[in-house]
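> Please read through the structure below; I'll follow up with questions.
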Amino acid sequence: MTLLQAIIIAIIQGATELFPVSSLGHAAIVPALLHWSVDLHGDTFLPFLVMLHLGTATALLLFFWGDWRALLSGASGRDGVQRQIESVRIFILLGVATVPAVIVGGLFEHMIRHLFGSARYAAIFLTLNGAMLLLTERIRGRGTQNVLSRPIASLGMVEAVIIGLCQCLAFFPGISRSGACIVGGLVCRLSHENAARFSFLMAQPVILMATVKEAFEMRHITLAPGQLQTAGIAAVVAAVVALFSTVILMRYFHDHEKWALQPFGYYCIAMGVFAFIYLG
C-alpha cells in the first residue's frame, strides 16, 4: 500500500465510520473500484486497520469527553441523587446495548465476513443499508413527532437490547454500525440527535475492544520497513477526519430532525447500485 492509498483509505474510514454509510462497505468497494491490489483480509493490512480504529476512537473520545466527564461526575453522586440515578442508568444502558455485539461478533463475525466479504456483496448490503435508512424515516414520519424530546436515560433495558441487536447488523459489510444504531434509537422513539449520541457513546467501547482484539491477533506479525510509519500517518488523518465528521454530524442531526437520514439513504442506494453494476 502506498502512502497516498493509505491516506485515502484513512479519510474514507474517518468519515464513514461515523456517517451512516458503512466504513466496512466502503473499505471493500472503493479499492475494488479503483483497481487497487490491497488485500483487506491479509496479515499486512491488520496493523493498518488497528491504527485506523485507534485514531477513530481517539477522535470520539475527544469530542464526547464532556459527556463522559458529566456521566462520571453524575455517577459519583457529586451532582445530586437524581443526576446519579440517571448517569448510572445510562452506563448500564450502554453496557446492555454492547452485549449483543460482543456475543454475535465472537460467534459469527468471521463466518459472516468470510461468506460476504467481496466488494459485490458489500455493494448489495450498502444498497440495503440505504433502503433501511429511508424506510425508517418514512415509518417514523407517521406521527411520532410528539415524543422526539425523549432523553436517553428514559430508555428501558429491552430497548437497549434492541439498539444493540441493530448494531449487530454492521457485521455484514455494507451495513453501517452508526446507521443501524441510529435506526434502533429512532425505533425506540429517540430524536436523531439523541440516537446519534447514544450510538457514538456505544461506539467507543466497541471500537476499543475491536482494536485490542486486532492488536492481539497481530502479535506474531512482522512489520515491513515503513509500514508502521504509514499506519501512524493514516491514523492521524483518520482521527482528524473523524473529529470533524462528528462535529458536523451532531450539528446536522440537531438541525434536520424531520429527514436527517434521507440523504444518506439515497447516497447508499446510488453508490451500492453503481458499484454492483460496475464490478459485475
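> Can you name every residue in region 133-145 that is under 20 Å from residue 198 (Cβ atoms) and either at pLDDT below 90 or open to solvent by 40 Å² or more (accessible area, probe 1.4 Å) (or both)?
Step one: of region 133-145, the residues under 20 Å from residue 198 (Cβ atoms) are 133, 136-137, 139-140, 144-145.
Correct list: 139, 140, 144, 145.
> Quick check, is residue 244 modelled with pLDDT under 90, within 22 Å of residue 49 (Cβ to Cβ) and aromatic (Phe, Trp, Tyr)?
Values: modelled with pLDDT under 90: no; within 22 Å of residue 49 (Cβ to Cβ): yes; aromatic (Phe, Trp, Tyr): yes.
No: the conditions fail for residue 244.
> On to the next question. Restricting to region 1-21, name every residue that is in contact with a helix residue (DSSP H, G or I) (Cβ under 6 Å, 6 or more places away or on another chain) and either open to solvent by less than 20 Å² (accessible area, probe 1.4 Å) or on the phi > 0 side of the Ramachandran plot (or both).
6, 10, 13, 14, 16, 18, 20, 21
> Check whether at least one residue in region 60-79 is under 28 Å from residue 127 (Cβ atoms), assigned to a helix (DSSP H, G or I) and within 13 Å of the chain's Cα centre (by Cα), and report yes or no. Spell out how you get there, then give the answer.
Within region 60-79, the first condition is being under 28 Å from residue 127 (Cβ atoms), and the residues that meet it are 60.
The next check asks that each one be assigned to a helix (DSSP H, G or I); those that pass are 60.
Imposing the further condition that a residue be within 13 Å of the chain's Cα centre (by Cα) reduces the set to 60.
So far as region 60-79 goes, yes, one or more of its residues are under 28 Å from residue 127 (Cβ atoms), assigned to a helix (DSSP H, G or I) and within 13 Å of the chain's Cα centre (by Cα).
> Further question on the same structure: Under the condition of being open to solvent by less than 60 Å² (accessible area, probe 1.4 Å) and assigned to a loop (DSSP other than H, G, I, E, B), which residue from region 242-274 is nearest to residue 17 (Cα to Cα)?
Step by step, filter region 242-274, then rank; the result is 261.
> Within the set of pairs 6+ apart or on separate chains, which have a first residue in region 29-44 that is surrounded by 15 or more Cβ atoms within 10 Å (Cβ to Cβ), a second that is aromatic (Phe, Trp, Tyr) and at pLDDT 90 or above, and C-beta atoms under 7 Å apart?
Partner pairs satisfying both residue conditions: 33/278.
> Still on this structure: Do we have any residue at all in region 36-59 that's over 25 Å from residue 226 (Cα atoms), modelled with pLDDT of 90 or more and part of a helix (DSSP H, G or I)? Walk me through it before giving the result.
From region 36-59, those over 25 Å from residue 226 (Cα atoms) are none; that's our starting set.
No, there is no match, as no residue in region 36-59 is over 25 Å from residue 226 (Cα atoms), modelled with pLDDT of 90 or more and part of a helix (DSSP H, G or I).
> Run residue 185 past the list (1) without any contact (Cβ under 8 Å) to a residue 24 or more places away in the chain; (2) surrounded by fewer than 21 Cβ atoms within 10 Å (Cβ to Cβ) and report the number of the one that doesn't hold.
Every listed condition holds for residue 185 apart from (2).
> Related question: So which residues in region 149-182 are assigned to a loop (DSSP other than H, G, I, E, B) and open to solvent by 30 Å² or more (accessible area, probe 1.4 Å), if there are any at all? It would help to see each step written out before you state the result.
Within region 149-182, the subset assigned to a loop (DSSP other than H, G, I, E, B) is 149-151, 155-156, 172-176.
The answer is 149, 150, 151, 172.
> Only one of these conditions is not met by residue 74: (1) more than 27 Å from residue 216 (Cβ to Cβ); (2) open to solvent by 20 Å² or more (accessible area, probe 1.4 Å). Which number is it?
(2)
> Please find, within region 194-236, the residue that is least open to solvent (accessible area, probe 1.4 Å) out of those that are β-branched (Val, Ile, Thr), over 17 Å from the mean Cα position of the chain (by Cα) and at pLDDT below 85. Give the derivation first.
So the first thing to find is which residues in region 194-236 are β-branched (Val, Ile, Thr), and the list is 206-207, 211-212, 221-222, 230, 233, 236.
Checking which are over 17 Å from the mean Cα position of the chain (by Cα) leaves us with 221-222, 230, 233, 236.
Right, trim to at pLDDT below 85 and you get 221-222.
Values: 221: 41, 222: 122 Å².
The extreme case among them is 221.
> From the list 25, 95, which residue is farther than 20 Å from residue 212 by Cα and not in a loop (DSSP other than H, G, I, E, B)? Break it down into steps so the answer makes sense when it comes.
On the way: 95 fails: farther than 20 Å from residue 212 by Cα.
25 is the lone residue from the list that is farther than 20 Å from residue 212 by Cα and not in a loop (DSSP other than H, G, I, E, B).
> A further question on this structure: Test of understanding: among 235, 215, which residue is in a helix (DSSP H, G or I), touching a Gly at 6+ places or on another chain (Cβ under 7 Å), touching a residue at least 60 places away in the same chain (Cβ under 8 Å) and not polar (S, T, N, Q)?
Going through 235, 215 in turn, just one is in a helix (DSSP H, G or I), touching a Gly at 6+ places or on another chain (Cβ under 7 Å), touching a residue at least 60 places away in the same chain (Cβ under 8 Å) and not polar (S, T, N, Q): 235.
The values are calculated or read from the model by the stated rules, or taken from the named source; none is laboratory data. Quick caveat: nothing in here was measured; it's all calculated off a predicted structure. Please note: Cβ atoms are built from the backbone with ideal geometry, for glycine as well, and neighbour counts cover all protein chains shown. Ligands, DNA and RNA are excluded from the accessible area calculation, which covers all protein heavy atoms including side chains. Shrake-Rupley method; radii C 1.70, N 1.55, O 1.52, S 1.80 Å.
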